Amino acid sequence: MTVSRFRTILYTVVAIVAVAGLADATFLSVQALTGETLSCGGSPDCFKVLGSSYAKVGGVPVALAGAFAYFCVFALATFAAFGYERARIFLILTIGAMFLATLWFLYVQAFLLHAYCRYCLLSAAITFLIAGLLIAAPPSQRRSGE
Amino acid sequence: MKRYLPFVIIVGVALGTFGSGAMLYRAKHPQLQAMPEEKALSGNSGAESMHIRGNPDAPVTMEEFGDFQCPPCGSFAAFAEQLLKEYDSRLRIVFRHFPLVAHEHAREASLAAEAAGLQGHFWEMYDVLYREQAAWSKAPNTRELFESYAGTIGLNVDQFKMDMDGEQAKARVDSDQARAESLGINVTPTIYINGQPVDPKDKNPEGVRAAINAALAGKPQA
């Protein structure tokens, strides 16, 4: 298998995994927008996390920002799979930012709220998986693929 | 064609996400029914069969469907007390049991409140249960804790123990639960003001106050 082919497959996998993250974050966004996170009706730990002050920034649910971030990852990975070199750089930057945000949210759940939301943990796992896949990607050989 | 393919895929996924998100929103947004005339509370009717706090003749009735093990219900209980002070004789609060299956000790707590109610101390037990929620929710000896609360608020503990297992307390809890289910309620707390449901998004101090003020002004809620 050529390096180019390997990279195409890898970015395609990243795009597919990002769709799973997008679905998870969309579900959490809907929960936040319907006000369900302010009620008891599901897992007690989930609403403890999603109903906390850490789940919103400036009145906007962080899940919504997460959905947008996963969509960006999906779009950038799709472009990268089609050989757009610049998309790979933006993809790494986006995932880097998401990785740091994920570390913060894991800290909040573990040490500040003492409760874990399973959908948030799934999102964390997806971000770590994508970061791992990008680390596995061989470095670029050319300056521009466009 | 290959040049446009990534754009087509991305737009397709964006539309798919937006569409499924919108469908999920519609499905998740609770379709609470306004209370039919015969179920709505007004004046003093049915006062003997429900737990009322505040002026029984108040023009505004806030009916709460709650679960003693639900933390947002605990927060809401503290806020409700504040509302009673603010609105004084213009507001009365009615509590209905809706113990969720997900909460292991919620039904037992409802039975404890009803057993206390049979000795005329429902609201005292209500206050203790919410105040001590964090303690009993995860305790292995919940029943013992409820009995100790009964002693603390001055109940006859032996009678309390019997009433907790009695048919009357169970019937009260079951009746409230059936009422909640008939109204399409599936989360707690769910709030009705003069028979009109408060939208889940408005289940915050500003939203609830606005709904009470609208009811006081005789305006229909949005």
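Bear in mind that the values in this text are calculations on the coordinates, not laboratory data. Not measured: the values here are computed from a predicted model. Virtual Cβ from ideal backbone geometry, glycine too; neighbours counted across all protein chains shown.
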* **Residue selected from region B:197-215 under the condition of a type outside the set (Gly, Ala, Ser) and away from chain A (no Cβ under 14 Å), by the criterion surrounded by the most Cβ atoms within 10 Å (Cβ to Cβ)** => B:212
* Asked: Just checking, which of B:181, B:167 is among the charged types (D, E, K, R), within 14 Å of chain A (Cβ to nearest Cβ) and more than 26 Å from residue B:57 (Cα to Cα)?
  -> B:181
* Name the residues in region A:89-120 that are under 13 Å from residue A:134 (Cα atoms), surrounded by fewer than 22 Cβ atoms within 10 Å (Cβ to Cβ) and within 14 Å of another protein chain (Cβ to nearest Cβ), would you? -> A:90
* Structure fact -> Note on region B:20-34: residues part of a loop (DSSP other than H, G, I, E, B) and more than 7 Å from chain A (Cβ to nearest Cβ) are B:30, B:31, B:32, B:33, B:34
* To do: Could you run through region B:1-19 and say how many residues are within 9 Å of chain A (Cβ to nearest Cβ) and loosely packed, with under 11 Cβ neighbours inside 10 Å?
  => 2
* Just one of the numbered conditions (1) assigned to a helix (DSSP H, G or I); (2) more than 14 Å from chain A (Cβ to nearest Cβ); (3) farther than 19 Å from residue B:104 by Cα is not true of residue B:144; which one? -> (3)
* To do: Name the one entry in B:194, B:141, B:156, B:186 that is surrounded by fewer than 22 Cβ atoms within 10 Å (Cβ to Cβ) and within 20 Å of the chain's Cα centre (by Cα).
  => B:186
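Can you tell me which residue among B:210, B:135, B:106, B:169 is touching a residue at least 12 places away in the same chain (Cβ under 8 Å), out of contact with any Ser or Thr (no Cβ under 7 Å at 6 or more places or on another chain) and under 23 Å from residue B:80 (Cα atoms)?
Answer to the check: B:106.
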